[in-house]
Every structure is written in C-alpha cells, then in structure tokens.
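Take a look at the structure set out below.
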Amino acid sequence: MKAVRKHTDSKWILLYVERWLKAPAQMEDGTLVQRDKGTPQGGVVSPLLANLFLHYAFDAWMRRNYPNVPFERYADDGLVHCESEEQAQEMKRVIGERLAECKLELHPEKTRIIYCKDGDRRGNYPNERFDFLGFTFRPRRSKNRWGKFFINFSPAVSDKATKAMRHTIRSWTLQQRSDKSLDDLSRMFNPILRGWITYYGQYYKSALYPMFVDLNRILARWAMRKYKKVRGHARRVSCRRLGDKSRMSREIQVRFREGVRVRFPCATRLVLMGHRIPKACVDYLKGCLGRMKLVLNEEKTRAVRVKEEAFSFLGFTIRYAVSRYNGARRYVRIEPSAKSEKKARENIGAFLNAHGHLGPRPLAARLNEITRGWAGYFTIQGVSYPQKSLRKLRQYLSLSLQRYYRRKSQRRSKRSYRNAFAELTAHYGLVDPVDCAPKLRPVNA
C-alpha cells in the first residue's frame, strides 16, 4: 500500500485496493480462506500491483546500488547481464537477499546462470540456453553484412510459443470452412497472424517457417474441399503457391500472401485493343464483372492511345517507337518494364549477398537460373525487344560480381578485378544475358 499511496491520494482507490488485498479466497468447495500476503492469482489488478511493487523492490534498487549492471524485467520475469561467472554468483546472492527483505523469494528452478555461448565464447557449461518472453536464446548460425556465417547467441521463437500457435491454428478448423472465401479467411485471421509475425519475426524469422508450413497444408486441404478442380490432388496442390505469384490474392495480407501453397487464377488484368473502345464497352465490362461480384480498379482502368502514351502489362512496357535504322518508320515496341529490370537486379543482388561462400562453378549455375528465367520470359520471338534490358542486366551483373569477389576474400585473385564476369563466362559456364535472346527484327505498326 505504501507504493500505491506514492502514486495516488484518492481515497476511493486506496479503499478498494486495500479491500482487494484483504479479501478472502474462495476454494472449489466453497470455503473461504483468509489471506495475509500476496495478490489473487489471475486477478484483474494483480499485474498492476505486482509491477508497482517490483518497481521499488527491484528496479529502483538495482539502479541505485548497481548502476553498471544492465537488466530487464517484465512482470515477475527478469534478466541480469554479468561479465563473469563470479559476478553472476554474487548478483544472484544479493538479489536473493534483497527479495527476502521484501518478503519475496527467487524461484529455485527458474533462477539459473546461463553461459552465452557463441563464436568467441566457446566454453561448455550445463546451461547454455533459456526462454524469455516467448523467445529461446541459444547459439545460432548468423550471417554478417559481408555474407559470411558465424555463431551468435541470438533469440528466436520458442518451442512452447510455436506449440501454442499451432494449437490455435488447429482450433480454427480452416479445412472445414468451405463456405468461406479466401478473402473471408484473411479478414478473420490476418490480425492474429500479423501479430505473430510482427512479434516473433523480429529475430530469426526463419524459425517461424515450420509453423506456417502446417498452415499451408491446412489451407491446401481447405482448397481441395472447396474446389473440385484440385480435389484429390493433395501432392499437386501442396507444391503450388498462392502468394506473391498469384495476382488474385495480392490484397490478402501476411502469410496468405507470402506463400500459402495453393494456386488460384492469376488473370486479374485485362487489355482491350481496338481502333476505338467506346464508353459503352467499358460499362458493359463493368456490368459483367458486377454480376460476378467483381469490380474494376478505377485508378488502373484507363484508355490509352499507344501512339501517344506507353503502358505496362504483365511486366512489359508497350509503346510506340521510331526505328533507329529508318527515322520514317514507326513500330510498336514491347520491352521489359523498368520495374521488371529493377526486380531482376534486386534478385541478383540478394542472391550474391546471401551466398558469399559459393565457389565459381556453383555460383555460375545459380546465376544462370536467374538470368535464363528472366530472359526466357521476356524474349518472345518476333514480338518483344529485350536486348537493351539484357545489356543493362549484363552490366549490372559484371559490377556485382566484381564487388562480390572483392568482398568475399581479402586475397586478391584474378577474379577480384574487373574481369570477374569474363572469367566466369569463359571458364565456369556463366551465361551472358545478351546471348539468351536472339536478334529480333522490328514489327511494323
């Protein structure tokens, strides 16, 4: 009550808090037991009173007597950081004495001295991991800013928290909600999933993946129950994605967008071509979509004169261009959009930053998958013109490989200089992006 009186002088608050502390506890058989200490377990005001009491009994005492010892406390759980085992033993002793003065005691099983083992501290101790606020702290493999791996003592979602999340997901019985659409499910459960990812995904997000793999399987079962087309094809459904690869689900948040393994129709973009597209045609299209409970995006729906304005569609930019061989000749040029070029550069940069340990031959093989896939999509014989974009991609790849080998090792090898791209292309099978596309001739407008 002394701590409560320091923060308020309201008589009614002091009266009811004192009554709350002195109120007897009722057992399951109906008998009343008088209490002389503590607060009721699970009481509404119990966390507030406990936090207020420990603020003066522990927090203020630590800051006053041990200002150089960092610590964290949440409710009745706390961590104290020490530099040596001797200091840890001493802090455990003095904290126990302090709590005993306040008529409290340390939990004998939960109070432990943990050795934070990592790449620099390689000793062996009985306790090398602990749980705190839903995270498990233990030695883990991490990657530095240069792409090299090392052992770091870091947190990730705990097994207990993962088990609780799996239990919650199973309690939703998603596979039985075939009357709901994917948008309905996302609105119902996205707030919970978003909260999990926001909280537990702050550190070592990959530890969440196994839990979401279970969610993927449940959603695949939901899709097989709802759609006859995929019914009875569990293997095929579980190997497909319903996320960033599907345009139909772009408005669906969190994990529904990030890789649930079901595939839905991706044709949500439409191009009508003609000499004249009257307003009645657009109104008729809106009516057809309205009967299917769909709407046109007013911001993206527009009429474009190709001779005057360019537009993007499925990663391509379509525009009217003048032939560089004959200035009087004009043609429709279909080429990769600036956004697609940027995405390709980001994919190459992310791959090189994440794989700083690969040798030249496996590195070339993995880069070939990226460049060949990108060039194969944007190369349509007699239709598209990707040569300019492929030359930009080759230039970016050459500069990225030069930085990659300079960062990979301090030893200057022959691939550390400007000829890294030429070296990989000549001896290790790296494909030049420009060679992926044949020479194309313009199509007359």
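Where a number appears in this text, it was derived from the coordinates with a stated rule and is not lab data. Only a predicted model underlies this, so the values are computations on that prediction, with no experimental measurement involved. Quick reminder, even Gly has a Cβ in these numbers, built from the backbone with ideal geometry, and neighbours come from all protein chains shown.
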Q: For K286, list the lysines whose Cα falls under 21 Å from its own Cα; do not include residues on the same chain fewer than 8 positions away.
A: K300
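When the Kirkwood hydrodynamic radius is evaluated over all pairs of different C-alpha atoms of the range 119-187, what value in angstrom, to one decimal, is obtained?
On the way: mean 1/r = 0.0643 Å⁻¹.
About 15.6 Å for the range 119-187.
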Q) Which far-off residues, 5 or more places away or on another chain, put their amide H under 5 Å from the one on S158, with H placed in the peptide plane? A) F135, T136
Q) Using a simple spin-label model with points 7 Å from Cα along the Cα→Cβ vector, what separation in nm is obtained for A100 and A365? A) 6.5 nm
Q. Given labels modelled 7 Å from the Cα in the Cβ direction, how far is it in nm from E90 to Y16?
A. 4.7 nm
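Using mean Cβ contacts within 10 Å as the protection proxy, how do 214-226, 60-72 order, highest first? Intermediate results must be reported in sequence, preceding the final value.
Numbers: 214-226: 19.5, 60-72: 12.2.
Answer by packing, highest mean first, reads 214-226, 60-72.
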Q) Quick one: length gained pulling R217 to S178 fully straight, 0.36 nm per residue minus the C-alpha distance? A) 12.6 nm
Q: Can you spot the aspartates and glutamates whose alpha carbon is less than 15 Å from K228's alpha carbon? Ignore those fewer than 8 places along the same chain.
A: D179
Q.
5 Å is the cut-off here: which amide hydrogens, built 1.01 Å from N in the peptide plane, fall below it relative to F316, excluding neighbours closer than 5 in sequence?
A. S337
Q | From phi via Karplus (6.51, -1.76, 1.60), per-residue ³J(HN,Hα) for the range 19-31 in Hz, x at Gly/Pro | A | 5, 4, 5, 8, 5, x, 9, 9, 7, 5, 7, x, 6
Q. Given charges of +1 on the Cβ of Lys and Arg and -1 on the Cβ of Asp and Glu, with all other atoms neutral, how large is the dipole of the range 1-145 about its Cα centre, in debye to the nearest 20?
A. 480 debye
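Using a Förster distance of 45 Å, how high is the FRET efficiency between R170 and Y320, based on the Cβ-Cβ distance and rounded to 0.05?
Numbers: r = 57 Å, r/R0 = 1.26.
FRET efficiency, R170 to Y320: 0.20.
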